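Undergrad: Let me begin by handing over the structure; questions about it come next.
The values are calculated or read from the model by the stated rules, or taken from the named source; none is laboratory data. Note that the coordinates shown come from a computational prediction; the quantities given were computed from them, not determined experimentally. Counting neighbours? That spans all protein chains shown, and the Cβs are built from the backbone with ideal geometry, glycine included.
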Amino acid sequence: MKETDQQLLGELVRGSQLTFDNAERLYSEAQLLGRNGAFARTLTLHQISIEECSKVDMLCAAVTSLLMGHPVDVNQLANRFRQHKVKNYNNAYMSVTTDAERQATKRGDAERAIQIFKAQQAEIHRWLNTNKNASLYVDYSDGKFVSPTDQITEELATQMQQLNAYFLNHGSNSLQLLKKVAADPDTFAARAMAFGDRLSQLKGSGGDLEEQFEQMVAAWLEEQSEKARAGSDNP
């Protein structure tokens, strides 16, 4: 890997660490508010923490692109960071695949599967953003004004806490992987390129692409595990 790319990789990993640390602090501060009954503001901080976790995921994608030899525009990436919709839409990739999307994929209707998922992304963003706004601002609904404490319940705040914990766990795993990449970028670059080559072979292959992709990923992961075990056996 070129020296300039290594420097950029180091900065992306550093940014991921800073972002994850902030997400953890937001979670802890949200818990303090929750224990004191401030459920509306608790939800606010959990949502912001979830958005920070999305940024870690986006930084991982940028590192993957860099390893595969693609240019990475950090300024453009930072602009995307500042858009709540982008972060919520990105987190939607971690949501459960609906039966409708799964069936559309199995019958080879990729266009319909994409439409279904995009609708799901929009609904997830709407729900998250609506709750965040409700946790911060007085609103007018059904002929009367309502405050955040009228709209955000302890149950809803707890639901957001659990969702935040899920994304923090995912972000922690991603961060650990990024640290390994930074320690040995050339090895991971070779692995990323090999994985990219396998992905390109799926294009135009026909059949159930979801099943083929799952099989390809499973085979690739098994190969990486074997390599790791072989490496640990060497003196």
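Undergrad: Among the numbered conditions (1) surrounded by 15 or more Cβ atoms within 10 Å (Cβ to Cβ); (2) modelled with pLDDT of 90 or more, tell me where Asn173 comes up short.
TA: Failing condition for Asn173: (1).
Undergrad: Answer yes or no as to whether Ser65 is among the polar types (S, T, N, Q), under 15 Å from Ala189 (Cα atoms) and in a helix (DSSP H, G or I).
TA: On the way: among the polar types (S, T, N, Q): yes; under 15 Å from Ala189 (Cα atoms): yes; in a helix (DSSP H, G or I): yes.
It is true that Ser65 is among the polar types (S, T, N, Q), under 15 Å from Ala189 (Cα atoms) and in a helix (DSSP H, G or I).
Undergrad: Given the options Arg41, Arg14, name the one that is in a helix (DSSP H, G or I), closer than 27 Å to Val72 by Cβ and of a type in the set (Lys, Arg). Write out each step before concluding.
TA: Numbers: Arg41 fails: closer than 27 Å to Val72 by Cβ.
Going through Arg41, Arg14 in turn, just one is in a helix (DSSP H, G or I), closer than 27 Å to Val72 by Cβ and of a type in the set (Lys, Arg): Arg14.
Undergrad: Looking at region 14-44, which of its residues are of a type in the set (A, V, I, L, M), surrounded by 20 or more Cβ atoms within 10 Å (Cβ to Cβ) and closer than 20 Å to Ser174 by Cβ? Can you show your working first?
TA: Taking region 14-44 first, the residues of a type in the set (A, V, I, L, M) are 18, 23, 26, 30, 32-33, 38, 40, 43.
Keeping just the survivors that are surrounded by 20 or more Cβ atoms within 10 Å (Cβ to Cβ) gives 23, 26, 30, 40, 43.
Of everything in region 14-44, those that are of a type in the set (A, V, I, L, M), surrounded by 20 or more Cβ atoms within 10 Å (Cβ to Cβ) and closer than 20 Å to Ser174 by Cβ turn out to be Ala23, Leu26.
Undergrad: Across region 103-159, what is the total count of residues that are under 30 Å from Glu29 (Cα atoms), of a type in the set (Gly, Ala, Ser) and surrounded by 18 or more Cβ atoms within 10 Å (Cβ to Cβ)?
TA: Of the residues in region 103-159, 3 are under 30 Å from Glu29 (Cα atoms), of a type in the set (Gly, Ala, Ser) and surrounded by 18 or more Cβ atoms within 10 Å (Cβ to Cβ).
Undergrad: Which number in (1) in contact (Cβ under 8 Å) with a residue 12 or more places away in the chain; (2) over 25 Å from Asn173 (Cβ atoms); (3) in contact with a helix residue (DSSP H, G or I) (Cβ under 6 Å, 6 or more places away or on another chain) marks the one condition that Arg112 misses?
TA: Only one criterion in (1) in contact (Cβ under 8 Å) with a residue 12 or more places away in the chain; (2) over 25 Å from Asn173 (Cβ atoms); (3) in contact with a helix residue (DSSP H, G or I) (Cβ under 6 Å, 6 or more places away or on another chain) is unmet by Arg112, namely (1).
Undergrad: Could you list, in sequence order, all residues of region 68-85 that are more than 24 Å from Phe188 (Cβ to Cβ) and free of Cβ contacts under 8 Å to residues at least 12 places away in the same chain?
TA: Across region 68-85, the qualifying residues are Asn75, Asn79, Arg82, Gln83.
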